[in-house]
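Beneath this line is the structure, given in structure tokens, with notes to follow.
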Amino acid sequence: MKNLRRRFVRTVLLVLGVVVVSGTLFSATIVMQSIQNSLRIGTYRLGADVLVVPEKYEASARNALLAGEPTSFYMKKDALDKVRAVDGVKNVSAQVFIQPASFSCCYSANVFIVGFDPRTDFTIKPWLEESIKTIPEGNEIVTGREIPVKVGDYIPFYGTEFKVVGTLEGTGMKFFDNTVFMPLETAYRMAEQSRKKARQVLNISSDDISAVLVQVKSDITPDRVAIRIEHDIPGVKAIVSDQVISTVRQQMFVLLRSIFLIVGVAWIMALLMIAVVFSMIVNERQREIGLMRAMGAKKSGIFRLIMSEAILLSGLGGILGVTVGGILVYSFKNLLIASLKMPYLWPSSFKIAVLVLGCIVLSIITGAIAALYPAYSVSKMEPYDAIRKGE
Amino acid sequence: MIEVRNLTKTYNIEGQVITAVDNVTLDVSEGEFVSIVGHSGSGKTTLLSLLGGLTRPDSGTVVMDGVNLWDIDDNRLSEFRNKKINFIFQFASLIPTLTVKENVCLPSVFGQYNAGVDEYAVRLLEMVGLSDKINSYPSQLSGGQQRRVAIARAFINTPKVILADEPTGDLDEETEKEIISIFNRMNADDKVTFIIVTHNTELAGQAKRQLRMSNGVLKEV
């Protein structure tokens, strides 16, 4: 440690090099993990193989699913029967997406209202049964994790008061986390009553739906069913949920490839920098090392001395990098979500711990690899040569 | 104690072969005080490093205390140096990041012997007149003081042989006399064998046996 303090500025620069590499690696990996984590949970929760929406609103529907951007579009309810009739379709259920609404009492941000049909639903209902063991009825609603209400609260929407009977676990997908779920019939009733009670009228009728969620039979792929739906029913777009996810994965892959390329280049530079600096360090200390050898230090002792300095430095850089990277990602999480337009859910504590450890170990390995040659070459020098060359 | 037979060491400098030590044969008994004089570049320092096992000869043998230094592996040679030999170099040879006492105790760290080392280091520092500098760093000492610390360090492992290269080089006359008297005392009381390379005629004159080195060849004076 005293040796490292001897050249303080150089030591600090060396540590900073490792901080940049480990910090970037940690941040990039944690962001990637968070997006994947959210996609995994989100797609599991979506539960539908295909989402049928009005043709013109494909982009809005995708944005709603991935970025949770509130949207509203409608088609006639007969689409439900038409989709049900398509070959390969196993189950169908309608959902209605309602104009963003705000409730002034406590939450200024817009929330997204989704009406689902408890009789036919196979996406929200199993989740509700599993997590909150109740299905909303009448003027009852279930809210996503990000909506700051608790069970038992009453919230007004479009002039009607609703009782919160459950809150859902977080998924990282705003489509679920910023959404209020209510039965389809309740949504229609709310729209009807808005004409009398609300300042803002909700113009939907009980014949309107926004999307048909489709489960396909096991002997056919969702892609083929989607093609059939679009062929058989004019004016609709069938979005295959796997394709949505794979599109996001592809976007992520492009982004991450660039990030990891930068991390890779930075890693090689850090490796070279540490190697060069440690070559300089051992050159400067050749006489000192020769003296130690003359006093009885073994080759292995000298090798360990240099390696331990490199490991100490790179370990310190790794710890600082992970800390700085973690703080930055945590602090700028919302900015990240907004700019990436992707769902985001922190990985489990165990995964984060593994990642932290992995980044620190990688930093240490980097330092060890970089110092390997300088440490080896100086340790194998004859003491007298080291003393003479150090003069 | 030390048996040197046909010791030769050459260097290849820019394609030219320089014979630094040329077929040297020498016997030194236990407790002998030997001085080697000679011009700069005559091979004195190289001979000293060959005797201490710091560099491998091209040919010849160095047997010390019954051990042929170049027959044993590097680990055993390091242990042998640590226990039997110590060096006083002609340059400032302290580790700058260690205190005076830590520098003196350094050989004990490599030899992993700790019992009584601290107390002995303090006694040795008192002996060289630096008891008030125990916790100072080398940068806080004058060149002469640093040399005295190196001399104290040379005795920390109670060596059988001290190989000293211009040990009184930076010292004032008074300190020089003190150091010579310490050498004489260690030689007489503890039977430490001294082989000293020096230009200092007074120090060389203290030696019971004087040798002269010229162009790598060693001769009795």
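The values are calculated or read from the model by the stated rules, or taken from the named source; none is laboratory data. Owing to the predicted nature of the structure, the values given are computational and were not obtained by experimental measurement. So basically every Cβ, Gly included, is an ideal-geometry build from the backbone, and we count neighbours across all protein chains shown. Ligands, DNA and RNA are excluded from the accessible area calculation, which covers all protein heavy atoms including side chains. Shrake-Rupley method; radii C 1.70, N 1.55, O 1.52, S 1.80 Å.
When the charge dipole of the protein assembly as shown is built from unit charges on Cβ atoms (+1 for Lys and Arg, -1 for Asp and Glu) and taken about the Cα centre, the candidate among B:V24, A:T323, A:A371 whose Cα reaches farthest toward its positive end is A:T323.
Give me the percent relative contact order of chain B, please, defined on Cα pairs under 8 angstrom at least 6 residues apart. Please list the in-between numbers first.
Working: 423 pairs, mean separation 67.7, N = 221.
Relative contact order comes out at 31 percent.
Projected over all directions and averaged, the alpha-carbon convex hull of the range B:128-206 occupies 5.2 nm². Extending 7 Å from the Cα toward the beta-carbon at both A:T323 and B:E119 defines two label points whose distance is 4.3 nm. Take the Cβ-Cβ distance between A:E137 and A:S246 as r, set R0 to 45 Å, and report the resulting FRET efficiency rounded to the nearest 0.05. It comes to 0.75. Taking R0 as 35 Å, what's the FRET efficiency between A:A59 and A:S331 from their Cβ-Cβ distance, rounded to 0.05? That gives a FRET efficiency of 0.65. Given contacts defined as C-alpha pairs under 8 Å and at least six residues apart, what's the relative contact order of chain A, whole-number percent? This gives 28 percent for chain A. Relative to the dominant Cα principal axis of chain B, helix B:117-127 is inclined by about 90°.
Please report the antiparallel percentage of the DSSP beta bridges confined to the protein assembly as shown, to the nearest 5.
Working: 48 of 74 bridges.
Counting DSSP beta bridges with both partners in the protein assembly as shown, the antiparallel share is about 65 percent.
Excluding A:E55 itself, what net charge comes from residues whose Cβ is under 12 Å from its Cβ, given Lys and Arg +1 and Asp and Glu -1? So the environment of A:E55 carries a net charge of 0. Working note: 222 nm ellipticity from helices only, DSSP H runs with n ≥ 4, each -39,500 (n - 2.57), summed and divided by the residues of the protein assembly as shown, gives -16500 deg cm²/dmol to the nearest 500.
Taking every pair of distinct Cα atoms and averaging 1/r, then inverting, what Kirkwood hydrodynamic radius in Å comes out for the range A:45-239?
Working: mean 1/r = 0.0592 Å⁻¹.
Taking every pair of different Cα atoms in the range A:45-239, averaging 1/r and inverting gives 16.9 Å.
Taking the centroid of alpha carbons for each part, the range B:47-73 and the range B:3-20 are 14 Å apart.
In the context of the full set of protein chains, residues of the protein assembly as shown present 46 Å² of accessible surface per residue (probe radius 1.4 Å, heavy atoms only).
Identify the GluC sites (Glu not before Pro) of the range B:9-93 meeting these criteria: DSSP loop state and at most 15 other C-beta atoms within 10 Å of the C-beta. Don't skip to the end; give the middle numbers.
Numbers: sites: B:E14, B:E30, B:E32, B:E79; in loops: B:E14, B:E30, B:E32.
In loop regions of the range B:9-93 (DSSP not H, G, I, E or B), the sparsely surrounded GluC sites (Glu not before Pro) are B:E14, B:E30.
For A:R195 and A:D78 in one chain, what is 0.36 nm times their gap in residues minus the Cα-Cα distance, to one decimal in nm? Spell out each step's value before the answer.
On the way: separation 117, 0.36 × 117 = 42.12 nm, distance 2.47 nm.
Here the answer is 39.6 nm.
Rounded, prolate or oblate: pick one for the range A:150-273, where a ≥ b ≥ c are the square roots of the eigenvalues of its C-alpha gyration tensor, a/c under 1.5 means rounded, and failing that, prolate if a/b is larger than b/c, else oblate. Write down the numbers at each step before the final one.
Working: a/c = 3.07, a/b = 1.58, b/c = 1.94.
Because a/c hits 1.5 or more and a/b fails to exceed b/c, the range A:150-273 counts as oblate.
Checking every one of the trypsin sites (Lys or Arg not before Pro) in the range A:179-239 against DSSP loop status and a limit of 11 other Cβ atoms within 10 Å picks out A:R199.
Extension gain, A:L13 to A:V254, is 83.6 nm, computed as 0.36 nm per intervening residue step minus the present C-alpha separation.
Of all DSSP bridge pairs formed entirely within the range A:45-239, close to 75 percent run antiparallel.
Most simply put, the range A:118-183 has about 60% antiparallel DSSP beta bridges, counting only bridges with both residues inside it.
Distance between the C-alpha centres of the range A:163-227 and the range B:99-149: 82 Å, rounded to the whole angstrom. The simple spin-label model puts a point 7 Å past each Cα toward its Cβ; for B:E30 and A:D232 those points are separated by 10.7 nm.
Chains A and B: how much accessible area gets covered up at their contact, both sides added, probe 1.4 Å, in Å² to the nearest hundred? Could you put the intermediate results ahead of the total?
Values: alone 19490 and 10600 Å², together 27920 Å².
So the buried area, both faces added, is about 2200 Å².
Seen through its C-alpha gyration tensor, with square-root eigenvalues sorted a ≥ b ≥ c, the range B:68-131 comes out prolate because a/c lies at 1.5 or above while a/b is bigger than b/c.
Let me know the shape class of the range A:109-204, please: from the alpha-carbon gyration tensor, a ≥ b ≥ c as square roots of the eigenvalues, rounded when a/c is under 1.5, otherwise prolate if a/b is greater than b/c, or oblate.
Judged from the Cα gyration tensor, the range A:109-204 comes out prolate (a/c at least 1.5, a/b above b/c).
The separation of the range B:166-190 from the range A:269-314, counted between C-alpha centres, amounts to 34 Å. Computed on the range A:45-239, with alpha-carbon pairs under 8 angstrom and 6+ residues apart, the relative contact order is 34 percent. The Cα trace of the range B:2-220 gives Rg and Dmax of 17.1, 51 Å, the first to one decimal, the second as a whole number.
With equal scatterers on the alpha carbons only and no solvent term, can you work out the Debye log10 of I(q)/I(0) for the protein assembly as shown at 0.07, 0.08, 0.09, 0.11 1/Å? Per q value, in the given order, log10 I(q)/I(0) is -0.62, -0.69, -0.77, -1.01.
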